[in-house]
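Asks: Got a structure for you, questions after.
The values are calculated or read from the model by the stated rules, or taken from the named source; none is laboratory data. The structure displayed is predicted, hence computed values, not measured ones. Cβ: placed from backbone, ideal geometry, glycine included. Neighbour counts: every protein chain shown. Side chains are part of the model used for accessible areas, which takes the heavy atoms of the whole protein and leaves out ligands, DNA and RNA. Shrake-Rupley method; radii C 1.70, N 1.55, O 1.52, S 1.80 Å.
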Amino acid sequence: MNSSKREPLSETELAYINSITTQYLSLNTFHFGKPPRKVMQYDKRPNMYGGDGAVYLLQMFSSEELVNNRIGAYMILPTSQDSVGFHTHGPRKEQELYVVMEGHGEYLEKAHEEATEKSFSIQKGNITTVRGQGFHAIKNIGNTPLIIFVITTNE
């Protein structure tokens, strides 16, 4: 399992990702007791977990703001060339939810690393979950960006 390093975005990439997301979403966060704000941090993940292309994460919270959660972020797969490879959250004792905000994708899951994979077509409004030793992956299979809100929680 190959997990790529997080990279900062260039100014050109930042403008590109913002132009994609603002077509579909308002990137405002209203965190209790704090003034409204936008994205806290942008990350680029080339070949995320052995996937193809680049995936962009828009972190909406700082780590101190999340109680029992590790991630609350938008994940952007801009083109049909972009995917996240199979990975598990088991060793970290996490579960993860994907809420599809825009686009069409293929969600893949398997019970363990050697298991047969199952494939599901996903679209706006669908939710996926994984926990324990399960593995999952995702691909953008549409003509528009695949935008997912990711919530990773501690079990």
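Asks: From the list 125, 142, which residue is more than 30 Å from residue 67 (Cβ to Cβ), assigned to a loop (DSSP other than H, G, I, E, B), open to solvent by less than 80 Å² (accessible area, probe 1.4 Å) and small (Gly, Ala, Ser)?
Replies: Numbers: 125 fails: more than 30 Å from residue 67 (Cβ to Cβ).
Every option except 142 fails the conditions.
Asks: Related question: What is the one condition in (1) open to solvent by less than 10 Å² (accessible area, probe 1.4 Å); (2) closer than 19 Å to residue 144 by Cα that residue 56 does not satisfy?
Replies: (1)
Asks: Testing residue 26 on (1) among the hydroxyl-bearing types (Ser, Thr, Tyr); (2) under 24 Å from residue 66 (Cα atoms); (3) surrounded by 11 or more Cβ atoms within 10 Å (Cβ to Cβ), one condition comes back false. Which one is that?
Replies: With (1) among the hydroxyl-bearing types (Ser, Thr, Tyr); (2) under 24 Å from residue 66 (Cα atoms); (3) surrounded by 11 or more Cβ atoms within 10 Å (Cβ to Cβ) applied to residue 26, the lone miss is (3).
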